[in-house]
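The values are calculated or read from the model by the stated rules, or taken from the named source; none is laboratory data. Here the structure is a predicted model, which is why all the values come from computation and not from measurement. Reconstructed Cβ throughout: ideal geometry from the backbone, glycine too, with neighbour counts over all protein chains shown. Please note that ligands, DNA and RNA were not included when accessible areas were found on the heavy atoms of the full protein model with its side chains. Shrake-Rupley method; radii C 1.70, N 1.55, O 1.52, S 1.80 Å.
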Number of protein chains: 2
Amino acid sequence: MEGSGFTTGALATALRADIAEGRLLPGAPLRQEELALRFGTSRIPVREALRTLQAEGLVDYSPNRGATVAIVTDTEIQEMLEVRIALESHALRLAIPNAADADIAAARAILAEYDAAPSPESWAAMNWRFHWALYLPCECRRLLDAIERNFKHFSTAARTKISALAGKDRPQREHHRLLDLVGRGRADDAVALLTEHIRDTQRSIRATGRAG
Amino acid sequence: MEGSGFTTGALATALRADIAEGRLLPGAPLRQEELALRFGTSRIPVREALRTLQAEGLVDYSPNRGATVAIVTDTEIQEMLEVRIALESHALRLAIPNAADADIAAARAILAEYDAAPSPESWAAMNWRFHWALYLPCECRRLLDAIERNFKHFSTAARTKISALAGKDRPQREHHRLLDLVGRGRADDAVALLTEHIRDTQRSIRATGRAG
DNA sequence: CTCCCGCTTGATGTATCCAATCCTATTTGT
DNA sequence: ACAAATAGGATTGGATACATCAAGCGGGAG
């Protein structure tokens, strides 16, 4: 009989979105039966989707106890930012010699949108689009994949929280400087700035983690 | 009924090993029925295991056509080595200030075994154990996880081929120098050497790729 | 010879059952 | 009265059987 045409892949996509956008909160149990009912399928595609998400690290699985949305502690966020530094510094270094005028222009256009963006949610989205635009010319698909995979472990909520925490001015100033350095081909300086840029985020999280 | 007690997780582990150790060659089709028969289970755990491996990138999946062992081209090996540089340079830099005498001693012990290792297969294994020992003190689990995940995409066969290609002497010389630099806390030099060490591998693969 | 149809193969999904396990709450023993 | 044992319900994990669907092939018809 029919359902909503949800297949395993579509199910995984839907769950990923639910997690990323905070409709499913960290720690929430993911009951197979309930999800099957909600998506109009049997339990089997649900289980397969959950396995996929588990392998991606978005879901914690314990045998005979089922899946829960992965909880990401502040420590883990720090570690994910450390991975960001590792991957994105290198991608940036590879990208700079390849960056064409069109690439720079694209990044500049995103910064312009950024300047006009009103809310922390939009800052977070713009922020990522800008960074991504910088890495794109690196021409190393697996590196970009790794960056994206790491990025997906930050929920939209977490990103928005971080953006709100950092405000808009200082990151945006750094973005402009970063783009300038990239445009001049100053790889070492750009990488150093990017590293500091991410370390700033680490510091502000550490600070709020202590405060509450 | 019976079965060999294979559960989804065990099945994924077994398949991972079969792929890593070359019993399942790249491009080989993974038929659900056949695997179910071989492992004495039904198709359901097989499918879940395949989904897991797909998410890990060890298996290619096309809708309605099933799974095949992922094909890793020379280009992709180059890219995976690029990811190695990104992740492992950073892990090494973080590890060096944390490296205790016991860590150095452990790495040195592995190098001693390495010196005695006879065959390319054992070189490859030792090589990894040595590198891993260097990164371990970085105290950043997610970084180590990312390194391991990337590493698992090299099959044992590929690693052995690479080891045979590079021989034993030059890598081993570099390993000794690397350990020496780590022991003295010379982070910048160690990272530079590690990068060159991996770039050497890239070059020798590029060379054989051209030759045949 | 080429194109199209239909058959076969294998993947995907459903429904139903059963076993194992975990959680909870109740009962039991001291 | 309180801790330990246990019984029951809920949930996952897996087996089996069946239905459906897409892709590849093989054999004719044009």
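Does the stretch B:77-147 come out rounded, prolate or oblate by the C-alpha gyration tensor, with a ≥ b ≥ c the root eigenvalues, rounded set by a/c under 1.5 and, if not, prolate when a/b is larger than b/c and oblate if not? The shape class here is oblate. Per residue, chain B reaches -24000 deg cm²/dmol at 222 nm when only DSSP H runs of four or more residues are counted, each adding -39500 (n - 2.57). Neighbours of B:Ala10 by Cβ distance under 14 Å: Lys/Arg scored +1, Asp/Glu scored -1, total +1. Result for chain A in a Gaussian network model with C-alpha springs under 10 Å: among A:Glu79, A:Glu34, A:Glu174, the largest mean-square fluctuation is at A:Glu34.
Once the partner protein chains are put back, the stretch A:55-93 shows a loss of at least 40 square angstrom of accessible area, versus the chain by itself, at A:Ala55, A:Glu79, A:Glu82, A:Val83, A:Ala86, A:His90 (probe 1.4 Å, ligands and nucleic acids excluded).
With a simple spin-label model that places each label point 7 Å from the Cα along the Cα-to-Cβ direction, the separation between A:Ala109 and A:Arg38 comes to 3.7 nm. Surface composition of the stretch A:160-212: carbon plus sulfur atoms hold 48% of the accessible area, using a 1.4 angstrom probe and ignoring ligands, DNA and RNA. Size descriptors for the stretch B:74-211: radius of gyration and Dmax over Cα atoms are 14.1, 44 Å. For a quick check, take a GNM of chain A with Cα springs below 10 Å and name the residue from A:Leu178, A:Leu37, A:Leu143 with the largest mean-square fluctuation. Comparing A:Leu178, A:Leu37, A:Leu143 in the GNM, the peak value goes to A:Leu37. Among B:Pro45, B:Pro118, B:Pro97, which one shows the highest mean-square fluctuation when chain B is modelled as a Gaussian network with alpha-carbon springs under 10 Å? Judging by the Gaussian network model, the answer is B:Pro118. Shortest first, A:Asp101 label-point distances to identical copies amount to 6.2 nm, with the label point at 7 Å from Cα along Cα→Cβ.
What percent do you get for the relative contact order of chain A when only Cα pairs under 8 Å and 6+ apart count? 23 percent.
Its Cα gyration tensor gives the protein assembly as shown an equivalent ellipsoid. The semi-axes, each the square root of 5 times an eigenvalue, are 34, 33, 21 Å from largest down. On the stretch B:16-153, 53 percent of the accessible area sits on carbon and sulfur atoms, based on a 1.4 Å probe. The H on the amide N of B:Leu30, modeled in the peptide plane, is under 5 Å from the matching H of B:Ala67, B:Thr68, B:Val69, each at least 5 residues off or on a different chain. Per residue, the stretch B:8-69 exposes 49 Å² of solvent-accessible protein surface, assessed with a 1.4 angstrom probe and all protein chains in place.
Here the calculated FRET efficiency for A:Thr156 and B:Arg173, from their Cβ-Cβ distance with R0 = 56 Å, stands at 0.70, rounded to the nearest 0.05. Placing a pseudo-label 7 Å from each Cα along the Cα-to-Cβ vector at A:Ala10 and B:Ile71 gives an inter-label distance of 3.0 nm. The angle between the Cα long axis of helix B:8-20 and the main principal axis of chain B comes to about 60°, on a 0 to 90 degree scale. Of all lysines in the structure, those lying under 26 Å Cα to Cα from B:Lys168, and not within fewer than 8 positions of it along the same chain, are B:Lys152. Enumerate the residues in the stretch B:108-129 having an amide nitrogen under 13 Å from the point lying 7 Å beyond the Cα of B:Arg23 toward its Cβ. Zone members listed by number: none at all. Pairing chains B and A buries close to 2300 square angstrom of accessible surface in total, based on protein heavy atoms and a 1.4 angstrom probe.
Taking the axis that rotates chain B onto chain A, the chain B residue nearest to it by Cβ, with the distance rounded to whole Å, is B:Ala55, 2.
Using only the Cα atoms of the stretch A:1-86, each taken as one equal point scatterer with no solvent, compute I(q) by the Debye sum, divide by I(0), and report log10 of the ratio at q = 0.11, 0.17 Å⁻¹. Scattering profile of the stretch A:1-86, log10 relative to I(0): -0.32, -0.70. If exposed trypsin sites (Lys or Arg not before Pro) are those in a DSSP loop with at most 16 other Cβ within 10 Å, what is the longest stretch of chain A that has none? Result for the longest clean stretch: A:66-151.
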